[in-house]
1. Just Ile82, Ile97, Ile50 to compare: in a GNM of the chain, with alpha carbon springs under 10 Å, which one fluctuates most?
2. Quick one: net charge around Tyr67, please, counting Lys, Arg +1 and Asp, Glu -1 for every other residue with C-beta under 12 Å from its C-beta.
3. Rg/Rh for the chain to two decimals, with Rh computed the Kirkwood way over all alpha-carbon pairs.
4. As a test of the formula, what do you get for the chain when each DSSP H run with n ≥ 4 contributes -39,500 (n - 2.57) and the sum is divided by the residue count, at 222 nm and rounded to the nearest 500 deg cm²/dmol?
5. Can you list the aspartates and glutamates whose alpha carbon sits under 20 Å from that of Lys60, skipping same-chain ones fewer than 8 residues off?
6. For Lys116, give me every one of the aspartates and glutamates with a C-alpha distance below 13 angstrom, ignoring sequence neighbours fewer than eight places off in its own chain.
Amino acid sequence: MGDITKLEVWEISLELATTVYKLSQKGALSKDFSFRDQIRRAAVSVSSNIAEGAGSGFDKLGVRYFYNARGSCAELKTQLLIAQKIEYINDNEYKKILSLIESIMKMLNNLINYRKNFNKGR
């Protein structure tokens with residue numbers, strides 16, 4: 001697929017991961033090691049799976065990685081909602097990250113549909 005650094009969805013996923021890491025370095029979330037680590041793994045998984053999907057070419061394997069990235073977004077969304085409800089993060093922090101997640105999920109849906117349609121024509 002070319003240079004991964006030129007994919008906007010990958011760039012936003014990096015922003016998501018770094019935002020989650022910075023957020024999880026403070027407050028009560030930083031002390032809940034298991035929960036903090038789970039949230040970090042989900043955030044990193046998004047960009048990692050996008051990179052693997054892009055690097056896999058235009059086949060079904062690449063699409064599967066994009067589905068995995070989308071699943072990690074859903075997982076992270078759930079974890080952050082829990083963090084908000086138990087007051088590990090505030091409403092503004094939650095909304096900022098949720099906006100990134102929703103943007104990524106929309107882009108992934110478009111990328112998945114594009115790849116699937118591309119593969120039908122082969």
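1. The residue that fluctuates most here is Ile82.
2. Working: positive: Lys60, Arg64, Arg70, Arg115, Lys116; negative: Glu52.
Its environment carries a net charge of +4.
3. Working: Rg = 15.1 Å, Rh = 14.7 Å.
Reported Rg/Rh (Cα atoms, Kirkwood Rh): 1.03.
4. Values: 5 runs with 100 residues, N = 122.
Roughly -28000 deg cm²/dmol at 222 nm, from the helical runs in the chain.
5. Result set, ordered by chain and number: Asp3, Glu52.
6. Lys116 reaches Asp59.
Laboratory data are not the source of any read-out in this text; all were calculated from the coordinates shown. If you're wondering where the values come from, they're calculated on a predicted model, not measured in any experiment. As a convention, Cβ positions derive from the backbone with ideal geometry for all residues, glycine included, and neighbour counts pool all protein chains shown.
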